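Some notes on the structure that comes next.
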């Protein structure tokens with residue numbers, strides 16, 4: 001689940017963003033490893049919190065317990081309207097665009113293919129978590145095997161193009177930070193496995209191990225792929241053509257389709273668990289917290305998520321929503337790390353796993369998270385403020401639901 005939700009489409013797109021900022025292969029690899037290290041810090045923070053609160057809802061539960069129910073609600077609010085549903089629509093659209101490499105399609109046909117993917121995978125997860133898990137295992141194993149094959153071909157190939165810039169070339173701090181932001185975006189989704197803790201056997205032990213091992217596997221894959229890519233504006237397709245011949249671009253398109261299909265499945269699987277938990281806390285309609293009597297899944301939450309993600313894909317509005325709100329995810333991550341430090345002062349806080357290096361690791365992660373937010377805001381202040389406003393707009397809704405919950 002960790003590997004499958006992180007490795008989606010970004011690894012085939014973001015490297016070109018990083019190569020524009022970094023002048024050397026060594027610098028590019030350093031960015032990917034540094035982004036992986038920061039992601040690992042965040043994953044280990046989530047691991048400790050998951051061992052203390054192994055409940056369905058993950059980050060929502062952690063924010064609710066460590067800060068306040070209002071902060072947890074705002075996380076779920078952003079997930080529903082844009083942060084989670086938007087990424088489902090976006091990755092499904094990427095799948096459709098790469099499918100068009102084999103079957104040319106119009107703009108509307110691309111949107112219909114994206115919606116079809118959302119509906120099929122939502123249906124699979126509707127009829128049971130085992131079915132969704134099986135799809136996740138098959139497609140994650142397939143994409144990992146393909147990535148290992150690409151890395152192996154790159155290591156075996158002796159005709160690599162020379163590096164055009166010296167490894168010691170100076171890099172401006174802003175360029176490095178922009179490259180890091182692009183790298184961190186490619187590692188997105190590492191926290192999602194915590195949403196399904198309530199359906200995991202022995203979650204207090206399994207979730208921390210999954211986060212640690214999954215993040216390390218992804219970091220190794222990303223570093224290996226980028227060592228293979230070298231430098232190119234269309235790194236994935238160009239590397240495939242060189243390594244695998246003239247048809248390499250189509251093989252890479254097939255790999256992207258496999259990767260995105262598995263990523264969409266994982267994201268569809270975990271999201272409704274947050275809405276289920278919020279509904280049971282009285283912060284959403286109670287019927288969203290219903291569990292299917294036969295399949296044992298949060299069926300209504302899955303349907304609502306599928307409908308809204310399909311609307312975003314059909315109307316092509318996910319891009320504006322997602323790009324404006326996604327950076328706010330890092331505000332919540334900073335709050336999450338601060339909440340961990342706060343929880344550690346409570347005598348009743350007894351996690352099964354404790355993060356090594358506290359408080360240094362959480363403080364580093366808080367600084368890095370806020371740096372990502374500042375970089376995004378300086379790059380596009382108007383869009384950033386609009387996105388933040390969309391999230392804060394959930395506060396009146398929270399007060400309405402919480403007052404209703406108190407009355408009942």
Which condition does residue 354 not pass, out of (1) touching a residue at least 40 places away in the same chain (Cβ under 8 Å); (2) farther than 20 Å from residue 39 by Cβ, if it passes all the others? (2)
Evaluate the stretch 148-168: report whether one residue or more is out of contact with any strand residue (DSSP E or B) (no Cβ under 7 Å at 6 or more places or on another chain), modelled with pLDDT under 95 and surrounded by 21 or more Cβ atoms within 10 Å (Cβ to Cβ). yes
Restricting attention to the stretch 247-258, does a residue exist that is at pLDDT 90 or above and either surrounded by fewer than 19 Cβ atoms within 10 Å (Cβ to Cβ) or within 26 Å of residue 86 (Cα to Cα) (or both)? yes
Would you check which residues across the stretch 358-378 are farther than 19 Å from residue 35 by Cα and free of Cβ contacts under 8 Å to residues at least 12 places away in the same chain and list them? 378
What about residue 97, is it without any contact (Cβ under 8 Å) to a residue 60 or more places away in the chain and either assigned to a helix (DSSP H, G or I) or on the phi > 0 side of the Ramachandran plot (or both)? yes
Check whether at least one residue in the stretch 337-346 is closer than 21 Å to residue 89 by Cβ and out of contact with any strand residue (DSSP E or B) (no Cβ under 8 Å at 6 or more places or on another chain), and report yes or no. no
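The values are calculated or read from the model by the stated rules, or taken from the named source; none is laboratory data. Nothing here was measured: the structure is a model prediction, and the numbers come from that model. When we count neighbours, we look across all protein chains shown, and the Cβ atoms used for this are built from the backbone with ideal geometry, even at glycine.
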